[in-house]
Every structure is written in C-alpha cells, then in structure tokens.
1. Within the range 112-156, which residues are surrounded by 24 or more Cβ atoms within 10 Å (Cβ to Cβ), of a type in the set (G, A, S) and either in contact with a Pro (Cβ under 8 Å, 6 or more places away or on another chain) or at pLDDT 90 or above (or both)?
2. Any residue that is of a type in the set (V, I, T), assigned to a helix (DSSP H, G or I) and touching a residue at least 12 places away in the same chain (Cβ under 8 Å) - is there at least one of those in the range 200-207?
3. Hey, does the range 184-192 have a residue that's part of a helix (DSSP H, G or I), within 15 Å of E13 (Cα to Cα) and in contact with a Gly (Cβ under 6 Å, 6 or more places away or on another chain)?
4. What tally of residues in the range 217-230 results from selecting those that are over 18 Å from the mean Cα position of the chain (by Cα) and at pLDDT 85 or above?
5. Go over the candidates M27, M34 one by one and state the one that is under 18 Å from R154 (Cα atoms), free of Cβ contacts under 8 Å to residues at least 60 places away in the same chain and either in contact with a Ser or Thr (Cβ under 6 Å, 6 or more places away or on another chain) or surrounded by fewer than 16 Cβ atoms within 10 Å (Cβ to Cβ) (or both).
6. Looking at the range 6-60 only, could you name the residues that are at positive phi and not hydroxyl-bearing (S, T, Y)?
7. Working carefully through the options F73, F87, F45, find the one that is within 24 Å of I132 (Cα to Cα) and either touching a Phe, Trp or Tyr at 6+ places or on another chain (Cβ under 9 Å) or part of a helix (DSSP H, G or I) (or both).
8. Tally time: how many residues in the range 3-27 are farther than 30 Å from K170 by Cβ and among the hydrophobic types (A, V, I, L, M, F, W, C)?
Amino acid sequence: MSIIEAVLLAIVEGLTEFLPVSSTGHMIIVSSVMGIASHPFTKTFTVAIQLGAILAVIVLYWKRFFQSFDFYFKLLMAFLPAAVIGFLLNDYIDALLERVEVVAIMLIAGGVLFLFIDKLFKETETTGSNDISYPAALKIGFFQTIAMLPGVSRSAATIIGGLTQQLNKKTAAEFSFFLAVPTMFAATGYKLLKFYKEGNEFGSNEIMLLAIGNVVAFIVALLAIKSFIRFLTRHGFKLFGYYRIAIGVFILILLLLKIDLSIV
C-alpha cells in the first residue's frame, strides 16, 4: 500500500463512517478498484483507521463523555448485542465481507428504505425525545447488529433504531456516534490482534501508513460529523437513499461486466 492509497482510504473512512451510506461497503469498493483489497494489511488498515474517526467523536462531544456514569451504562447496554453476536458469528461475517454482491444489494435495499423513512418518522421531529432509556439503548444495540451485513451501514441501522424508539433525528444521530466509540474500538483491537496472531508483523512502513491514515480519518470525520447533523435535521434521508441506490446499481453493473471487484 502506498501513501496515496492510504490517504484515499482514510478520506473514504472519515467521510462515510458516520454517514448512512456504509463505510465498509465503500472501503471494499475503493480498495478493490485500487487493486489492494486482497492484501492482509489492507483489511487490517481499513479497520484500524477507525480509531481516527473515534477520536473525532470524542473531541467534538468530549463534554458528554464526562457527563455521568448513566451515559456509559447506556452505551454498554447498546454495545452488548453487537459484541456477543459479533463474537459468535465472526467467521460468517468475515465471509460476507468478501462478497461484493451482498454489499451492492444491501446498499440498494437500504436506499429504497431511505426514500420513505422521513415520512415514516415524521412525527418524531416535533414530538421526539432527547432522552434515551435503558430499554431503548438495548433495542438500538440490536439494530446495530443488522449492520454486520456489509452494505447496511452501522450509522443507518442505529439512527433508524433510535427513531423507532421515538428519538428525534439529532438525538438518534448523536447516540449513533457515541455508540461507534466502543463498537469501533473493539473491532479495531480484535482486527489488530488477529493480524498479529496470523503471523504478520507491523514494520516501520505499516506503522507510518496507520499513523497517516488515522490522522486523515480524524480530520475528515470532524468535518463530516458536524455537516451530517446539520444536513440530516434539515433535509432528512432521501438524498442518501438515492446515493445508495446509485452506488449499488453501479457495483452490480461492474459485476455484470465481469470487472474484478473480488477481495479474496
């Protein structure tokens, strides 16, 4: 992996991690197009640079992380379903990540849903709550497990989960960001440990690329998070729906044309 490739992947990570467009799907596509998806380090890199995106959330919302212990207990409740199911189905999930057609189908399916989601939850904009109960946090956590299907989008699943619990869009989106911190931290730690146990080592070049990737992902995520909150509260999900459908159809066309997007 070159520095330019690392920077491009980090930009994609920073832009898409907190948008409801599937960061995993975009990372698979971009790394495949660049021809580096099959390299073991690439798979580790695409997960490890999530740490930069995590730091962006902590920096932007640092006061919330020192608000109360109740905040952490709710995050724990929401994190547990993904932690348990992810551990039990890890091999199956890894296999799905190698199927680009699954990414495309999930992007399209999610996009179609987004065309109607604003109407379905229209009342929550005026009557939606700012407070998240423990049962609501747990239910949002189960929604997060849906995002284990590549192409679904962790952000989309958790925000919609929040809307089903009668939260307004801003609160649902912010809780999605907060939930990303333990979820992505655990995923990153697991992927780095797995990379090491498989006999791989981090040389000076890999360490440099990880450092660059995290810095770029951090900067881009800072901009993306604030912009997304403003856009979502003003315009809703519909534009993201059209985008997901377009990207999904584009991927299917590439596959039909026998253009290699495999990552195995």
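1. The answer is G141, S153, S155, A156.
2. First pass over the range 200-207, keeping only residues of a type in the set (V, I, T): 207.
Now restrict to residues that are assigned to a helix (DSSP H, G or I): 207.
Then keep just the ones that are touching a residue at least 12 places away in the same chain (Cβ under 8 Å); that gives none.
No; the residues of the range 200-207 include none that is of a type in the set (V, I, T), assigned to a helix (DSSP H, G or I) and touching a residue at least 12 places away in the same chain (Cβ under 8 Å).
3. no
4. 0
5. Among M27, M34, only M27 is under 18 Å from R154 (Cα atoms), free of Cβ contacts under 8 Å to residues at least 60 places away in the same chain and either in contact with a Ser or Thr (Cβ under 6 Å, 6 or more places away or on another chain) or surrounded by fewer than 16 Cβ atoms within 10 Å (Cβ to Cβ) (or both).
6. Selection gives G35 alone.
7. Working: F87 fails: within 24 Å of I132 (Cα to Cα); F45 fails: within 24 Å of I132 (Cα to Cα).
F73 is the lone residue from the list that is within 24 Å of I132 (Cα to Cα) and either touching a Phe, Trp or Tyr at 6+ places or on another chain (Cβ under 9 Å) or part of a helix (DSSP H, G or I) (or both).
8. From the range 3-27, those farther than 30 Å from K170 by Cβ are 3-8; that's our starting set.
Filter again for among the hydrophobic types (A, V, I, L, M, F, W, C), leaving 3-4, 6-8.
Residues in the range 3-27 being farther than 30 Å from K170 by Cβ and among the hydrophobic types (A, V, I, L, M, F, W, C): 5 in total.
The values are calculated or read from the model by the stated rules, or taken from the named source; none is laboratory data. Source: prediction; values computed, not measured. Because the Cβ atoms are built from the backbone with ideal geometry, glycine has one as well, and the counts that use them run over all protein chains shown.
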